[in-house]
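The values are calculated or read from the model by the stated rules, or taken from the named source; none is laboratory data. Model, not experiment: these values are computed from the prediction. We place every Cβ from the backbone using ideal geometry, glycine too, and count neighbours over all the protein chains shown. Ligands, DNA and RNA are stripped out before the accessible areas are found, and what is left, the full protein with its side chains, is counted by its heavy atoms. Shrake-Rupley method; radii C 1.70, N 1.55, O 1.52, S 1.80 Å.
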Amino acid sequence: MFKKFTKEDVHTRTNIKSSVQRGLKTKFVSQFDDLEPVIDDIIPKKSQVELLKCEDKIQLYISDNEVVFFQQFDELIPSLKIIHKYASAFPSVKVDRGAIKFVLSGANIMCPGLTSKGAGLPDAPGLEENTIVAIYAEGKEHALAIGKLIMGTEEIKSVNKGIGIELLHYLGDGLWNFHAE
């Protein structure tokens, strides 16, 4: 999604009203329940949030010159920098070592990379299809990507082939290197 993203992809930049900001915070918390205690740290009450409209109907929400989350269509997706600060607030999966170089080049994650030795999926009942997840790697402390489950984790375990996660944002992509100033 952000493989070749640059400042030239931004079309408009506007400040959003505080009422819209409150609505965004509510929606973000409704998507990720564990964010409720820290949402005012992520987007402080007196801060000005800016909306950047970009190519491919992507919208970036910026607070204090940092991308807090982005949106394509209806779902709010946290930036990796937010996931690094508040890791326990987001559902996560772990890929094996062999998948790291592919993830960091922007490839979707295949089911075998999520089910092999060294990888890890949540225990039953698991996560549902279309859930936004933080992607960690075997032996690494911080998330290396964010993705959307193409199928539920129980289905990934049983099918064990094909694409398991659609990659949305990863370390070193255009959004990671984007500076809002």
* **Residue identified as assigned to a strand (DSSP E or B), touching a residue at least 40 places away in the same chain (Cβ under 8 Å), of a type outside the set (Phe, Trp, Tyr) and over 20 Å from residue 174 (Cα atoms) among 27, 94** => 94
* Asked: Within the range 42-63, which residues are surrounded by 12 or more Cβ atoms within 10 Å (Cβ to Cβ) and outside any strand (DSSP E or B)?
  -> 42, 43, 44, 47, 48, 55
* Test result for residue 158, open to solvent by 10 Å² or more (accessible area, probe 1.4 Å), out of contact with any strand residue (DSSP E or B) (no Cβ under 6 Å at 6 or more places or on another chain) and more than 30 Å from residue 37 (Cα to Cα) -> yes
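Looking only at residues that are surrounded by fewer than 14 Cβ atoms within 10 Å (Cβ to Cβ) and more than 21 Å from residue 82 (Cα to Cα) in the range 106-138, which one is farthest from the chain's Cα centre (by Cα)?
Let us first name the residues in the range 106-138 that are surrounded by fewer than 14 Cβ atoms within 10 Å (Cβ to Cβ), namely 117, 123-125, 128-130.
Narrowing the set further to residues that are more than 21 Å from residue 82 (Cα to Cα) leaves 117, 123-125, 128-129.
Numbers: 117: 24, 123: 21, 124: 22, 125: 22, 128: 16, 129: 15 Å.
Among those that are surrounded by fewer than 14 Cβ atoms within 10 Å (Cβ to Cβ) and more than 21 Å from residue 82 (Cα to Cα), it is 117.
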* To do: From 169, 142, grab the single residue that is open to solvent by less than 20 Å² (accessible area, probe 1.4 Å) and either assigned to a loop (DSSP other than H, G, I, E, B) or within 25 Å of residue 84 (Cβ to Cβ) (or both).
  => 169
* With the checklist (1) farther than 21 Å from residue 71 by Cα; (2) buried (at least 16 other Cβ atoms within 10 Å of the Cβ) in hand, flag the one item residue 97 doesn't pass. => (2)
* Only residues that are in contact (Cβ under 8 Å) with a residue 60 or more places away in the chain and either closer than 24 Å to residue 30 by Cβ or under 12 Å from the mean Cα position of the chain (by Cα) (or both): list them for the range 149-181, please. => 153, 165, 167, 168, 169, 170, 171, 175, 176
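Please state which one of 178, 102 is outside the structural domain of residue 29 (by the TED database), hydrophobic (A, V, I, L, M, F, W, C) and open to solvent by 50 Å² or more (accessible area, probe 1.4 Å).
Working: 178 fails: open to solvent by 50 Å² or more (accessible area, probe 1.4 Å).
Unique residue meeting the criteria: 102.
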